[in-house]
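Only one structure is covered here, and it is reproduced in the block below.
Derivation of every value follows stated rules applied to the coordinates shown; laboratory data play no part. A quick note: this is a predicted structure, and the numbers were derived from the prediction, not measured. Using ideal geometry, Cβ is built from the backbone for each residue, glycine included, and neighbour counts are taken over all protein chains shown.
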């Protein structure tokens, strides 16, 4: 399930408290971004729908099972984002980043995106990969 990109991202997130902070912060950030992008329409679509499609294509190149899970998650967050006003989105965005940086204080390591900006896109996929790993059945003994 893990590609080199997900594995590299994971090296920045070994501390359980950091992972927990990211499991809260990353969805808040994604929700905020989708809420703001949904405000901009391009014909029958909004920018959030376009962004989800583009990110999904990228995710398919990284890890297909996680990409499918991410698409479901992004879809649910998008439906919620349609009900978040712009000022709520800004507050969610700030809160999400606070969770991220608190997590990295626990980790004692700088955020992954300081090294590679692609990690800004990998973070949400990594959260999904963690969730999938948690619910996968154990291998038979």
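List of remarks:
- Between the labelled values [x] 14.4, 44; [y] 18.9, 64; [z] 15.3, 55, the entry that holds Rg and Dmax of the Cα atoms in Å as derived from this structure is [z].
- For region 19-131, the relative contact order works out to 44 percent when only alpha carbon pairs closer than 8 Å and six or more residues apart are counted.
- Burial ordering of 11, 3, fewest other beta-carbon atoms within 10 Å first: 11, 3
- The chain: angle of helix 16-37 to the longest principal axis, Cα-based, in degrees nearest 10: 20 degrees
- Simple spin-label estimate for residue 98 and residue 114 gives 2.1 nm between the two label positions (7 Å along the Cα-to-Cβ direction from each Cα).
- Tilt relative to the chain, helix 119-135 - C-alpha long axis, 0 to 90 degrees, to 10: 60 degrees
- On the basis of the beta-carbon distance and an R0 of 30 Å, residue 14 and residue 76 show a calculated FRET efficiency of 0.60.
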